[in-house]
Structure formats: structure tokens, C-alpha cells
Amino acid sequence: MVGVTAIRSAARNPEIAAVVAEGGYHNMGDNIIKPDKRKSVFETAFLHTVAGMFWVYSSINPWQVSPIDDLASISPRPVFLIYGEHEAESGHAGAQYSAALSPKDLWLVPGGSHGSNHQIAPMMYELKILDFFNRSLLH
């Protein structure tokens, strides 16, 4: 959720000069229920209840919370999206990258998954982020 928060915050706060977002979901509602044909009817009903309760208690429709809707408004500030190769499809990394306007970067960490990207490639992870900020902020 931190990556999504960074994207949504930058879209609303022009003083944020550049964004690095790692492994964010594409839609909160879909992320909560995670459609899967292998789930039992009970599991599916439970997750829909969780999403509904979130909506009731927060007054926020979770299916209307999507970083894809915010990415374009960050431009001309740069965005760097990082996804592990094993989470890129479920996070709709390609769609998020397409939604962002230039300048933008996408790194798919080979062998990475949610929360493990830094452990999988620590040196490359740090170098890529430092390079992004150097290019973005040190004109």
C-alpha cells in the first residue's frame, strides 16, 4: 500500500518532485477480494464482506481507489515503478506503466516478489533508485 500511497500523494501534492513506487496494487477492491476460481464460496463471501465493511466504515468505495487513475496527473514529474517479476501481472505493472506519462521508468526485478525485491537484488535495487533520483532531481 505504500507504493499506492506515494502515487496518490504525488498526484495531489505538486511539491513532491519524484516518485518511487514498489509493487502497488492496481485496484484496492480487486486487491481485497483477489478473484480466484480456487477459492471456496465461503472465502469469496468473506472477502466481499471485508471490502464492504471497509466501504461502510471509511465511506470510501475500494473499487474507486486505483493508482492507475492518478499516474498521468503526476507528469511532468518522474515516476519509477518497481515490481518483482512474480507480482507484475497481479499488480498490473504494464497497465500502470502505460498510464504514467513521461518521464517514467519500470524495473521488473528478476526473481522478485512483493516485499522481497530489495533482498533479491540489493545492490542493483539501491543503484537503480539512486540513479533515478540523480537523473530526476539533480538536473
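The values are calculated or read from the model by the stated rules, or taken from the named source; none is laboratory data. Everything quoted here is computed from the prediction, not taken from an experiment. Cβ: placed from backbone, ideal geometry, glycine included. Neighbour counts: every protein chain shown. Protein only, heavy atoms only, side chains kept; ligands, DNA and RNA dropped before computing areas. Shrake-Rupley method; radii C 1.70, N 1.55, O 1.52, S 1.80 Å.
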Could you give the size of the charge dipole of segment 1-101 about its Cα centre, using +1 on the Cβ of each K and R and -1 on the Cβ of each D and E, expressed in debye and rounded to the nearest 20? 180
Considering the options Ser66, Trp55, His114, tell which one lies farthest towards the positive end of the dipole of the chain, charges being +1 on Lys and Arg and -1 on Asp and Glu at the Cβ, about the Cα centre. Trp55
Please give the calculated 222 nm ellipticity per residue for the chain, where each DSSP H segment of at least 4 residues contributes -39500 (n - 2.57) and the sum is spread over every residue; nearest 500 deg cm²/dmol? -13500 deg cm²/dmol
For Ala72 and Gln119, what does the FRET efficiency come to when R0 = 25 Å and r is the distance between their Cβ atoms, rounded to the nearest 0.05? 0.20
What is the distance, in nm, between label points placed 7 Å from the Cα along the Cα-to-Cβ direction at Ala95 and at Val2? 2.5
Surface accessible to a 1.4 Å probe, per residue, for the residues of the chain, Å²: 59
Largest fluctuation, Ile60, Ile16, Ile32 only, Gaussian network model of the chain with Cα springs under 10 angstrom, belongs to Ile60
As an exercise, use a Förster radius of 25 Å and the Cβ-Cβ distance of Glu15 and Thr49 to find the FRET efficiency, rounded to the nearest 0.05. 0.05
Compute the Cα gyration tensor for the chain, then decide on rounded, prolate or oblate, letting a ≥ b ≥ c be the square roots of its eigenvalues: rounded whenever a/c is under 1.5, prolate when a/b is larger than b/c in the other cases, and oblate in all that remain. oblate
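Accessible area, 1.4 Å probe, largest first: how do Met124, Met28 sort?
Solvent-accessible surface, decreasing: Met124, Met28.
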Before anything else, pin down the relative contact order of the chain: Cα pairs under 8 Å, at least 6 apart, normalised by residue count, whole percent. 26
Given axes a ≥ b ≥ c from the Cα gyration tensor, I'd like to know whether segment 1-40 is rounded (a/c under 1.5), prolate (a/b larger than b/c) or oblate. prolate
From the square roots a ≥ b ≥ c of the eigenvalues of the alpha-carbon gyration tensor of segment 34-109, which class results: rounded (a/c under 1.5), prolate (a/b over b/c), or oblate? oblate
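Of all accessible surface on segment 14-117 at a 1.4 Å probe, what whole percent is carbon and sulfur? Please report the intermediate quantities before stating the final value.
Working: 3480 of 5710 Å².
Ligands and nucleic acids excluded, carbon and sulfur reach 61 percent.
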Where is the GNM fluctuation largest for the chain (alpha-carbon springs, 10 angstrom cutoff): Asp36, Asp70, Asp105? Asp36
Looking only at Ala100, Ala21, Ala51, which one moves most when the chain is put into a Gaussian network model with springs between Cα atoms under 10 Å? Ala51
